[in-house]
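The structure appears right after this line, and notes come after that.
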Amino acid sequence: MNHVSRDNRPPPPQATQVGAPAFLWVLVGVMAAIELVLSLSDAGYIGATGLRWPAYALGAFWQPVFAGAIPPAYPGQTVAMFITHAFLHGGFMHLALNAVILLSLGKFVTARVGPARTLLVLFLSAVGGALLFGILAFTDAPMIGASGAVFGLVGLWQADEYYLRRRHGLTLKPVFTAIFGLIAANVAFFVMLSGGLAWEAHLGGWLAGGLAGLALLRNR
């Protein structure tokens, strides 16, 4: 039954979200601006000695710093790097891959839980990814990128699919198939990149996002 107002005119159509929400574009814009500066520095246009590695030294997640094997570069780095690493990338290709997934899945997640909770999920997933990397990885190489946060959105999306199928009595096979596909993709990229994949951060972000999704979407 359609609602009709008292003067017999139908209500105006509700506006629908076209594209990703503005706050996600702001996040991507900040990441892109940082990468642009670092890439220009790599090419010799700005910075006398290059800015990328100093930026990594200050903002990347360093497992030896987390483990206490080496001192932090500045007070508070041990805490700050749980977030700052997500804004640094290894080039525009790395950034573009994360940005596309962040914008597309972020739109879906925002529609389900709202902007504030989406930001919370991104925060928890970035922290969760860094935490599991710090626990499981034993490397002197820096960990950078928003993939932990991105995998958190994937985890929430799969939690939503899980609840949806349970409520409608549908098979959960597609959910588990997607999870196994995610594992297979990580294994494939790990091999292709000769071990240069922070799968620990992906797993930590996915777990954080999935658990957040199970909590936030339980009664929806």
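The values are calculated or read from the model by the stated rules, or taken from the named source; none is laboratory data. Please read these numbers as outputs of a predicted model, since none were measured by experiment. Here Cβ is always computed from backbone atoms with ideal geometry, including for glycine, and neighbour counts include all displayed protein chains.
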Residues (part of a helix (DSSP H, G or I) and within 10 Å of the chain's Cα centre (by Cα)) located in the stretch 128-147: Gly129, Ser147
Unmet requirement for Pro71, which otherwise passes all of (1) in contact with a helix residue (DSSP H, G or I) (Cβ under 8 Å, 6 or more places away or on another chain); (2) touching a residue at least 40 places away in the same chain (Cβ under 8 Å); (3) not β-branched (Val, Ile, Thr): (2)
Single match in Phe92, Phe66 (criterion: modelled with pLDDT of 95 or more, buried (at least 16 other Cβ atoms within 10 Å of the Cβ) and not polar (S, T, N, Q)): Phe66
Output for the stretch 83-119, where each listed residue is under 18 Å from Ala130 (Cα atoms) and among the aliphatic types (A, V, I, L, M): Ile83, Ala86, Leu88, Leu95, Leu102, Leu119
Among (1) exposed (fewer than 15 other Cβ atoms within 10 Å of the Cβ); (2) assigned to a helix (DSSP H, G or I) - the single one Tyr74 does not satisfy: (2)
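Yes/no matrix, rows are residues, columns are (1) farther than 21 Å from Gln63 by Cα; (2) in contact with an Asp or Glu (Cβ under 9 Å, 6 or more places away or on another chain); (3) touching a residue at least 24 places away in the same chain (Cβ under 8 Å):
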{"site": "Gly114", "(1), (2), (3)": "yes, no, no"}
{"site": "Phe123", "(1), (2), (3)": "no, no, yes"}
{"site": "Gly129", "(1), (2), (3)": "no, yes, yes"}
{"site": "Pro142", "(1), (2), (3)": "no, no, yes"}
{"site": "Ala159", "(1), (2), (3)": "yes, no, yes"}
{"site": "Arg167", "(1), (2), (3)": "yes, no, no"}
{"site": "Thr171", "(1), (2), (3)": "yes, no, no"}
{"site": "Pro174", "(1), (2), (3)": "yes, yes, no"}
{"site": "Ala178", "(1), (2), (3)": "yes, yes, no"}
Residue in the stretch 42-50 that is of a type in the set (S, T, N, Q) and in a helix (DSSP H, G or I) present: no
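Quick one: count up the residues across the stretch 95-123 that are among the aromatic types (Phe, Trp, Tyr) and surrounded by 17 or more Cβ atoms within 10 Å (Cβ to Cβ).
1
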